[in-house]
Amino acid sequence: MKQPDVVKIPMVGSVLGLSSLALGVFVKLLSLGSRMTVKGVMVNGHVFSSLEIFDKIKCSLEERSIALEELEAKGLIGFAAQGQVVFIKEAYEFYNGTSYTDEDLASVVGTVREAYGAEAAQQVASVTRDAGKFKQVKSVDECRQEIVAMYNLFGEHRGRVLSYVGGFRTKIQMETESKMDPERHIRILEELVTIYQTGLFSHGGKQYVTAVEQLMTAIDNVARRGLVHLKNHNYLKAVLISQPTKKDNSEKPNEPIAGSAKSYR
């Protein structure tokens, strides 16, 4: 997955106390790290040795020695493979939009294993997950499996939910008859599943209770109206709120509640 070359330098904490030399070297390291498969780990197809890294950022041996000592002492960088592979600690602080797939991580670790052996590969895998705190991205197949599993949670109502969720496709997706982005599809289903399973939903800063029958009736109403390019479930929630609920043998609009829906099922 291609990542944007975006680096931010928060001038706080350890960074703020760096000397001008160490700060300059650190910024160059961040720039180089932004182009790596896994940001902040100086591995990308080819394993850069420490010497190669500092050669690429045009850093002399004297500058390297001074800067390394200071950066390591400040806890901004670390080393793996007996000092051969450099990584940025707390990389999420310095890179915007950082994410990676398990395949990306496997590629990086595999490259290190080939160059430096199994022990070094294990070390890189550890620092990447623990120090980098990167967001793991699900593969397309994993997303599809999760989507199918979530639809199945609706049981006999699955087809009705499918019809409703179809209204969330964008104009371009409808014109080209293409599928919704898998991650967005999951986000849409997650909130719907929560309402279906708990009977609770929030709208306008207030919490409401509903039942399966009411939810499905509202879903059918929205689907029948042919609404398209929906961005959230707010319209569905408005329909749910306006639906009458039986209270004290009379029917009244849904009202905000306190507590939980103990009698949901």
Counting only residues that are farther than 29 Å from GLU177 by Cβ and in a loop (DSSP other than H, G, I, E, B), segment 208-245 contains a total of 3
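Could we say that GLU213 is more than 30 Å from ALA106 (Cβ to Cβ) and not assigned by TED's automatic domain parsing to the domain that holds LEU105 here? Break it down into steps so the answer makes sense when it comes.
Details: more than 30 Å from ALA106 (Cβ to Cβ): yes; not assigned by TED's automatic domain parsing to the domain that holds LEU105: yes.
Answer is yes for this residue.
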Meets criteria (farther than 30 Å from LEU236 by Cβ and either of a type in the set (A, V, I, L, M, F, W, C) or at pLDDT below 80 (or both)) for ALA149: no
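Residue by residue, here is whether (1) charged (D, E, K, R); (2) within 27 Å of ASP104 (Cα to Cα) holds:
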| residue | (1), (2) |
| --- | --- |
| SER139 | no, yes |
| ARG144 | yes, yes |
| GLU156 | yes, no |
| GLY166 | no, no |
| ARG169 | yes, no |
| THR176 | no, no |
| HIS185 | no, yes |
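Looking at LYS179, LYS138, can you tell me which residue is closer than 30 Å to MET36 by Cα and charged (D, E, K, R)? So that I can check it myself, show each step before the final result.
Values: LYS179 fails: closer than 30 Å to MET36 by Cα.
Every option except LYS138 fails the conditions.
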Which one of these is at pLDDT 80 or above and either buried (at least 18 other Cβ atoms within 10 Å of the Cβ) or within 24 Å of the chain's Cα centre (by Cα) (or both): VAL137, VAL109, VAL127? VAL109
Which condition number in (1) on the phi > 0 side of the Ramachandran plot; (2) at pLDDT below 70; (3) buried (at least 19 other Cβ atoms within 10 Å of the Cβ) is the one that ALA81 fails? (2)
Counted residues in segment 84-106 being of a type in the set (Asp, Glu) and either farther than 14 Å from ALA125 by Cα or at pLDDT 80 or above (or both) come to 2
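The values are calculated or read from the model by the stated rules, or taken from the named source; none is laboratory data. What you see is a predicted model, and the numbers here were worked out from it, not measured in a lab. Cβ: placed from backbone, ideal geometry, glycine included. Neighbour counts: every protein chain shown.
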